[in-house]
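Take a look at the structure set out below.
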Amino acid sequence: MKKRIAVLPGDGIGKEVVKGAIEVLQAVGERFGHQFHFSYGKIGGSAFDAAGTPLPDETLELCKESDAVMLGAVGGPKWDRQPPHLRPEKGLLKIRKELNLYANLRPTQYYSSLSDTSPLKNEVIEGVDMLMVRELTGGLYFGKPSERTQQNGEDAVVDTLFYQKEEMRRVIKLAFELARSRRAKVTSVDKANVLESSRMWREVAEDIAKQYPDVALEHMLVDNAAMQMIKNPKQFDVVVTENMFGDILSDEASVLTGSLGMLPSASISENGPYLYEPIHGSAPDIQGKNAANPIAMILSAAMMLRLSFGMEEEAEAVENAVNQVLEAGYRTRDIVSFGKKVVTTTEMIEEVKATL
Ligand code: NAI
Ligand code: MG
């Protein structure tokens with residue numbers, strides 16, 4: 001098969017990990033006889049430096065013409081003082097909105113090979129298999145107004161949490177669909193004791209649940225969910241929640257696997273193309289040190305093979321290669337523990353390719 005992939009490395013370690021995913025995909029292409037064609041686009045701070053905007057029109061066009069998009073990460077201290085509309089993160093928010101990527105799927109699973117790197121007890125995390133479905137194009141990250149203001153002569157500020165009911169419906173429905181091919185349980189996370197938006201979210205979830213009598217629905221307040229995820233993570237199957245809660249809870253969930261550098265994601269829309277990115281950011285503290293864990297990005301590429309291209313066998317081959325490399329004791333610094341071999345980003349990529 002021939003596939004066109006738009007590649008947006010972005011900033012910081014984004015560039016370093018994207019390279020890994022491309023090399024692994026080339027190895028997949030050779031082994032399985034596929035042609036992957038990569039075209040590069042700019043996003044984030046590096047796009048601002050080159051073109052004066054965090055998301056140039058060419059980048060957007062490139063994505064729309066492609067079968068799938070792979071993105072590294074954006075942001076960094078260099079651009080932290082930019083006006084809000086020129087910040088690197090605005091590029092990311094805009095591409096999600098423009099491609100209508102309404103749901104971000106973030107699987108978290110237990111790796112027995114990493115049990116010794118987790119700060120949590122093995123009996124708590126053993127067998128964890130959770131899918132977080134995060135709403136991605138609404139809520140606080142997009143609401144207007146979002147600005148500094150004045151009240152009674154004092155400095156004040158406003159951010160707006162806005163959702164259309166339909167935006168809630170489509171993402172919650174997707175969560176129920178996905179639960180059907182898993183353990184048939186949906187935990188809907190909200191703050192319905194305080195927020196009106198959450199009360200509507202809960203009504204929508206109840207409503208959709210009627211169409212899925214085979215799937216169990218449970219509601220959980222977000223503060224409790226944050227605690228339950230550490231105390232008893234095995235209770236979760238599919239977790240569906242609004243944009244900001246999902247952002248926060250999925251970083252927390254990465255600790256169940258072992259590191260932020262391990263968690264992939266897929267952002268999906270109604271008509272494609274889908275976008276694949278690790279859940280981590282540009283990690284300025286380790287950028288340029290060849291120390292980033294490329295696995296989150298490599299596993300994002302595996303999700304792309306499965307969800308965008310229907311290449312299940314190829315996706316499993318990548319996931320198995322990652323597993324074997326971890327079993328063999330190769331570790332980037334974020335997942336290292338006593339007795340394991342510390343490797344650089346490039347060495348980790350080489351190991352995965354060689355295993356493939
Ligand atoms: P971050 O996710 O970049 O890093 C948090 C911590 O995890 C750091 O200590 C980092 O070294 C470590 N880490 C992250 N990915 C890693 C990997 N692959 N291997 C090893 N260690 C890894 O979040 P932070 O530091 O809060 O934000 C840094 C910049 O990234 C900011 O400008 C932020 O806006 C941006 N950001 C971008 C995102 C994106 O592009 N999707 C998501 C989150 C943050
Ligand atoms: Mg995040």
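Sorted ascending by nearby beta carbons within 10 Å, beginning with the fewest, T137, T346 become T346, T137. Each peptide in 160-169, 58-67, 39-48 receives the mean, over its residues, of other Cβ atoms within 10 Å, and ordering these scores from highest gives 39-48, 58-67, 160-169. Measure up K144/K191; K3/K97; K234/K340; K78/K165; K19/K64; K90/K121 against 31 Å on the Cα-Cα distance and list the ones that go over. Flagged as over cut-off: K78/K165; K90/K121. Contact order, relative form, for the chain: 21 percent (alpha carbon pairs under 8 Å, 6 or more residues apart, mean separation divided by residue count). In terms of surrounding Cβ atoms within a 10 Å radius of their Cβ, V18, V352, V255 rank from fewest to most as V255, V352, V18.
Highest average first, the peptides 91-100, 323-332, 146-155 ordered by how many other beta carbon atoms sit within 10 Å of their residues are 91-100, 323-332, 146-155.
For segment 1-121, averaging the sequence separation of C-alpha pairs within contact (under 8 Å, six or more residues apart) and dividing by the residue count gives a relative contact order of 31 percent. Take the Cβ atoms of Q164 and Q109, set R0 to 25 Å, and the FRET efficiency comes out at 0.15. Only helices enter the 222 nm calculation for the chain: every DSSP H run of n ≥ 4 contributes -39,500 (n - 2.57), and dividing by all residues gives -13000 deg cm²/dmol, rounded to 500. Between the alpha-carbon centres of segment 242-288 and segment 41-114 there is a gap of 12 Å. Neighbour counting of Cβ atoms within 10 Å sorts the residues T187, T355, fewest neighbours leading, into T355, T187. For the pair E312 and R180 in one chain, pulling the backbone fully straight at 0.36 nm per residue adds 45.7 nm over the alpha carbon distance. Per residue, the average separation of C-alpha pairs within less than 8 Å and at least 6 apart gives segment 119-257 a relative contact order of 36 percent.
For V239, the amide hydrogen comes within under 5 Å of the amide hydrogens of L131, M132, V133, T187, counting only partners 5 or more places away or on other chains and with H modelled in the peptide plane.
FYI, it's all coordinate maths here, none of it is from the lab. Note that the structure is predicted; figures quoted are calculated from it, not measured. Don't worry about glycine lacking a Cβ; one is built from the backbone with ideal geometry, like all the others, and counts go over all protein chains shown.
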